[in-house]
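**Student:** Got a structure for you, questions after.
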Amino acid sequence: MTPLSTDERPPYTAEDHSVWGCDDEPMSELAASAPLSVELRRSADAVWEAQHRHPFVRGVGDGTLQPERFNVWVRQDYLYLIEFARVHALGTARAPGLQAMTRFADITQGLLHMEMDLHRSYAGELGISSAQLEREEMLPTTQGYTDFLVRTAALGDFVELTAALLPCIWGYAEIGERLAGAERPADERYARWIAMYASSEFAELTGWARELTDHAGEEVGAGGRERARRAFLTSSRYELAFWQMAWAGERWLA
C-alpha cells in the first residue's frame, strides 16, 4: 500500500501524548474496591483521550477525513470483525451462565450480519467489492490485535476475556457519544458511522459489557484483576494503533 498524503493537520505521534508508557503500575487496594470497569477505564485514560484527539477520529467528526483513509479502516475493520465475532463465540462457550451465553451468541450474530453488512455498504460506496473485501490481507496492527484477542479468549481467565473486549465496545460508544455532541458532518458516511456508535442500542450493549466485566471482577482476586487490567490496557493501545494504522497507511515492510 502506498503511504497516504498528509492534510493540514500536523503529523500525529503517540509519543506526543505519552500513551505507550501508560500507567503500568499494578492496581492499588483502593482500585480493587471500585467496580472493575471504572478502574480499567481510569488506568488507560491517557490512551483513550489520545484516541479522541487522533486526527482520524477528529476527521470523522468534522467530515474532513480523506476517503482513502476511511477506505483503509473499512477494509481492515471488516477483517477485524470476523475475528471479533470469533472471540464472542469463544465467550459463548466460556460464559459462566445461560444469560451471558445467550447474549454472547446474540452479539456474534449481530456482528456477522448487521455490522458487517454496514461495512459492506461502506465498501460499496467506496468502490470496494465484496470479493475485494474477502481477498483483503490483514495489516500488522490488525493481525497483532486480533491474535491477541483470540489468544486471550482461548487461554486467559474469563475476566481477561471480558476486559480485552471492552475497549472496542466501550471505546466506540464513547467516541460516538462525543462526536454526536458536535455538529453533524456533511459526509453522510461519517454521519451514519457516528449515529451507529452513538445509538441507544450501542450504549445498552456497552452497559452490559461493563456489568459483565464488573461481575467477573468480583469472582477473582487481586491477581485476576491485575491480569484484566493488563488485557484492557493492551486492547486500548491496539485501538489507538488501529486509528493510526488507517491514518498513516500502514503496510508490511516486505
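Every number here is computed from the coordinates shown, using simple stated rules; none is lab data. None of the values given here were measured: they were computed from a predicted structure. Because the Cβ atoms are built from the backbone with ideal geometry, glycine has one as well, and the counts that use them run over all protein chains shown.
**Student:** Report, in degrees rounded to the nearest 10, the 0 to 90 angle that the Cα long axis of helix 188-197 makes with the longest principal axis of the chain.
**Tutor:** Relative to the chain, helix 188-197 is tipped by roughly 0 degrees.
**Student:** Please give the length that would be gained between A191 and L155 if that part of the chain were fully extended, namely 0.36 nm times their separation in residues minus their C-alpha to C-alpha distance (nm, one decimal).
**Tutor:** The A191-L155 span can extend by a further 9.1 nm.
**Student:** Between [x] 52, 25, 15; [y] 26, 23, 18; [z] 29, 21, 18, which matches semi-axes √(5λ) of the Cα gyration tensor in Å calculated for the structure shown?
**Tutor:** Among [x] 52, 25, 15; [y] 26, 23, 18; [z] 29, 21, 18, the one calculated here is [z].
**Student:** Helix-only estimate, please: 222 nm mean residue ellipticity of the chain, summing -39500 (n - 2.57) across DSSP H runs of length 4 or more and dividing by its residues, to the nearest 500.
**Tutor:** Helices in the chain give a 222 nm mean residue ellipticity of -23000 deg cm²/dmol.
**Student:** Using alpha carbons only, how many angstrom separate the centre of the stretch 218-238 from the centre of the stretch 156-178?
**Tutor:** 12 Å
**Student:** Once both labels are modelled 7 Å past Cα along the beta-carbon direction, what's the E134-R53 spacing in nm?
**Tutor:** Result for the modelled spin labels: 4.4 nm.
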